[in-house]
1. Among the listed pairs Lys50/Lys122; Lys5/Lys133; Lys16/Lys95; Lys16/Lys87, give every one whose C-alpha distance is greater than 30 Å.
2. Helix-only estimate, please: 222 nm mean residue ellipticity of the chain, summing -39500 (n - 2.57) across DSSP H runs of length 4 or more and dividing by its residues, to the nearest 500.
3. Which one of Gln80, Val17, Tyr67 is farthest out on the positive end of the charge dipole of the chain, using unit charges on Cβ (Lys, Arg +1; Asp, Glu -1) and the Cα centre as origin?
4. Counting DSSP beta bridges with both partners in the chain, what percentage is antiparallel, nearest 5?
5. Answer with one residue from Val46, Phe35, Asn125: the one whose Cα lies farthest towards the positive end of the charge dipole of region 8-143, charges on Cβ with Lys, Arg +1 and Asp, Glu -1.
6. Straight-line reach from Lys41: which aspartates and glutamates have a Cα under 19 Å away, not including same-chain ones fewer than 8 places off?
7. Where does each of 19-26, 30-37 land if you order them by average Cβ count within 10 Å, highest first?
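Since every read-out is calculated from the coordinates, none of them should be taken as a lab result. Worth saying up front: this structure is predicted, and the values here are computed from it rather than measured. All Cβ positions, even for glycine, are placed from backbone atoms using ideal geometry, and neighbour counts span all protein chains on display.
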Amino acid sequence: MGHWKGTKELFFEFYKVSTEAILEVLPDAKVGTHFLWATSKKSWAVDLVKWSHINGVHYDFLGVSYYPYYNRTNFEEVYQNDFGAIKDIPEWNSKEVFEIHEFALIKTMNKKGNGYESTEAKYQNSFLVGIMKMFYENDITNLFQWERGINTNLPTKRF
């Protein structure tokens, strides 16, 4: 998992006690968490869904980041392996929301694996059309994308 330094078991317990504490103070709050897509070596999303089901742990949403290389655009395969593997399993709570919290089509990744260079805009736009069609066909309605914002001087490369 990206930013968590402990074990998967410690994260799940942290998530459980955090959710309980939040809902005790704010009973109408929407709670959930975020992982990488299912085929990522660092994703615990499927495990959390199964663990939550067994242990009665609440989530209102589960989000994923999705940063494929430009050659991963077979969207039926992408859905089946990366998103359906999480939200189409029997343990998924169908009342909850599956979200894409961030995404980009990448050209290259840095050596540490924590920064990338996006593909050119013409490829990003084609990718966006394909991924939006996939989301529509599979009832993924919440989609978020990082952006530089208006009037910023941030670099376009994320290394």
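1. On the way: Lys50/Lys122 39 Å; Lys5/Lys133 35 Å; Lys16/Lys95 19 Å; Lys16/Lys87 20 Å.
As for pairs spanning more than 30 Å Cα to Cα, those are Lys50/Lys122; Lys5/Lys133.
2. When only DSSP H runs of four or more count, the value is -10000 deg cm²/dmol.
3. Final value for the positive-end residue is Tyr67.
4. Numbers: 4 of 18 bridges.
Taking every DSSP beta bridge within the chain, about 20 percent pair in antiparallel fashion.
5. Asn125
6. Glu9, Glu77, Asp82, Glu102
7. Working: 19-26: 12.0, 30-37: 18.1.
Peptide ranking by packing, descending: 30-37, 19-26.
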